[in-house]
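A.B. asks: Once you've had a glance at the structure underneath, I'll fire off some questions.
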Amino acid sequence: MHYEGNIIRPPSEANSILLQVSVGCSRNKCTFCGTYTGERFRIKPDSIIMEDIDFAAQYSRRQRRLFLCDGDALIIPQKRLLKILQTIEERLPWVTRIGAYANAKSLDMKTLEELKTLKAHGLGIVYMGLETGDDVTLKKINKGANSRQLIAMGRKAKEAGLKLSITVLLGIAGRERSQIHAEETGRVLSAIDPNYVGALSLMLIPGTPLFEDYQSAKFDLIEPDEMLAELRTMFATTNLSRGLFHANHASNYLPIKARLPKDKETTLNLIDQALAGKIALKPEYLRAL
């Protein structure tokens with residue numbers, strides 16, 4: 001496989017074929033993210049992509065899922081992306097699901113019918129970083145979309161028949177807007193009704209604008225108990241018709257995995273016990289991105 005730069009994939013794609021079709025992120029302006037710093041976004045040549053599919057056809061026969069790297073493969077123009085999916089169908093017929101990252105811009109650039117066509121040719125799930133539903137915080141972190149747009153694009157993906165996994169970020173609003181961020185995020189998640197929600201806890205990355213704000217006292221990094229209180233509010237205000245809410249990423253202080261709506265009260269009780277000091281939180285040295 002021809003890999004370049006940082007290869008990032010969701011935790012759930014750990015055992016997937018990782019096919020890098022682009023390098024970097026088409027947005028690459030979020031203040032908290034240092035993954036692609038200095039990396040210019042580009043789509044890889046079709047010849048290289050096809051070589052890698054041929055490689056997978058020979059050496060990845062046991063893997064049933066495939067993930068299109070990197071930061072936003074859905075931004076690839078429809079004709080080129082469809083050709084990639086059709087080649088995967090032809091050369092890797094055992095692959096049952098293809099996944100990709102998406103953002104509000106890339107989803108907006110695809111019509112509903114185009115998304116349905118991608119779904120018909122194997123695209124089964126898209127992963128979207130919401131981070132927060134609070135418009136003030138979305139603007140501060142330079143996300144490039146407001147909550148209304150994020151809701152519309154999330155619903156669009158679901159209407160196309162795609163499974164939708166959304167990531168939210170505990171602590172991203174700082175101390176002053178912590179609870180507002182939690183409540184607004186719960187509101188937006190409920191409006192989108194994704195299949196999966198993954199809550200991560202903010203870890204500041206040196207060299208990012210948000211880290212510089214922290215060093216200059218322009219941003220308050222909240223404490224573990226405040227992160228937990230934020231998680232409780234966010235979880236309490238999130239209502240999914242049928243979905244999984246995870247907060248079991250390595251960055252989190254209290255791992256939770258809940259199927260909503262069934263596990264809501266049990267999980268809230270678990271968080272309350274942790275807030276009361278009856279359950280120990282993960283020590284700082286065990287946290288990781």
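Coordinate-derived values only; no laboratory data. On a predicted model such as this, the values are computed, not experimentally measured, just so you know. Heads up, the Cβs are rebuilt from the backbone with ideal geometry, glycines too, and the neighbour counts pull from every protein chain shown.
A.B. asks: Scan LEU164, LEU138 and give me the residue that is on the phi < 0 side of the Ramachandran plot and assigned to a helix (DSSP H, G or I). If you could, list the steps in order and put the result at the bottom.
C.D. replies: Details: LEU164 fails: assigned to a helix (DSSP H, G or I).
Result of the check over LEU164, LEU138: LEU138.
A.B. asks: Kindly indicate whether any position in the stretch 40-55 is surrounded by fewer than 15 Cβ atoms within 10 Å (Cβ to Cβ), of a type in the set (Val, Ile, Thr) and under 22 Å from ARG80 (Cα atoms).
C.D. replies: There is at least one residue in the stretch 40-55 that is surrounded by fewer than 15 Cβ atoms within 10 Å (Cβ to Cβ), of a type in the set (Val, Ile, Thr) and under 22 Å from ARG80 (Cα atoms).
A.B. asks: Please go through (1) in contact (Cβ under 8 Å) with a residue 40 or more places away in the chain; (2) farther than 30 Å from GLU230 by Cβ for MET153 and return the number of the only condition it doesn't satisfy.
C.D. replies: Among (1) in contact (Cβ under 8 Å) with a residue 40 or more places away in the chain; (2) farther than 30 Å from GLU230 by Cβ, the lone unmet condition for MET153 is (2).
A.B. asks: Has the stretch 60-83 got any residue that is closer than 26 Å to LEU189 by Cα and touching an Asp or Glu at 6+ places or on another chain (Cβ under 6 Å)?
C.D. replies: yes
A.B. asks: Which residue, of ILE49, ILE75, ILE53, is in contact (Cβ under 8 Å) with a residue 12 or more places away in the chain, among the aliphatic types (A, V, I, L, M) and farther than 27 Å from ALA104 by Cβ? Spell out how you get there, then give the answer.
C.D. replies: On the way: ILE49 fails: farther than 27 Å from ALA104 by Cβ; ILE75 fails: farther than 27 Å from ALA104 by Cβ.
Exactly one residue qualifies, and that residue is ILE53.
A.B. asks: Considering only the stretch 249-279, state which residues are farther than 21 Å from ILE192 by Cα, free of Cβ contacts under 8 Å to residues at least 40 places away in the same chain and surrounded by fewer than 16 Cβ atoms within 10 Å (Cβ to Cβ).
C.D. replies: Passing the criteria: ALA250, PRO255, GLU265, THR266, LEU268, ASN269, GLN273, ALA276, GLY277, LYS278, ILE279.
A.B. asks: Is there any pair with a first residue in the stretch 9-35 that is farther than 28 Å from ASN146 by Cβ and a second that is aromatic (Phe, Trp, Tyr) and surrounded by fewer than 22 Cβ atoms within 10 Å (Cβ to Cβ) whose Cβ atoms are under 6 Å apart and which are 6 or more apart or on different chains, and what are they?
C.D. replies: GLN20/TYR3
A.B. asks: Across the stretch 1-57, what is the total count of residues that are outside any loop (DSSP other than H, G, I, E, B), among the charged types (D, E, K, R) and under 25 Å from ILE166 (Cβ atoms)? Explain how you work it out, then say what you get.
C.D. replies: Narrowing the stretch 1-57 to residues outside any loop (DSSP other than H, G, I, E, B): 11-13, 17-20, 22-23, 42-43, 46-57.
Checking the rest, the ones that are also among the charged types (D, E, K, R) come to 13, 42, 46, 51-52, 54.
This time we only want the ones that are under 25 Å from ILE166 (Cβ atoms), so: 13.
Qualifying residue count, the stretch 1-57: 1.
A.B. asks: Right, here's the next one. Given the structure, is ASP134 in contact with a helix residue (DSSP H, G or I) (Cβ under 9 Å, 6 or more places away or on another chain), crowded, with 22+ Cβ neighbours inside 10 Å, touching a residue at least 12 places away in the same chain (Cβ under 8 Å) and among the acidic types (Asp, Glu)?
C.D. replies: Values: in contact with a helix residue (DSSP H, G or I) (Cβ under 9 Å, 6 or more places away or on another chain): yes; crowded, with 22+ Cβ neighbours inside 10 Å: yes; touching a residue at least 12 places away in the same chain (Cβ under 8 Å): yes; among the acidic types (Asp, Glu): yes.
The answer is yes for ASP134.
A.B. asks: Residues in the stretch 253-264: is at least one small (Gly, Ala, Ser) and in contact with a helix residue (DSSP H, G or I) (Cβ under 7 Å, 6 or more places away or on another chain)? Show your work before the answer.
C.D. replies: The first filter runs over the stretch 253-264 and keeps only residues small (Gly, Ala, Ser), leaving 258.
With the extra rule that they be in contact with a helix residue (DSSP H, G or I) (Cβ under 7 Å, 6 or more places away or on another chain), the set shrinks to 258.
Yes: one or more hits.
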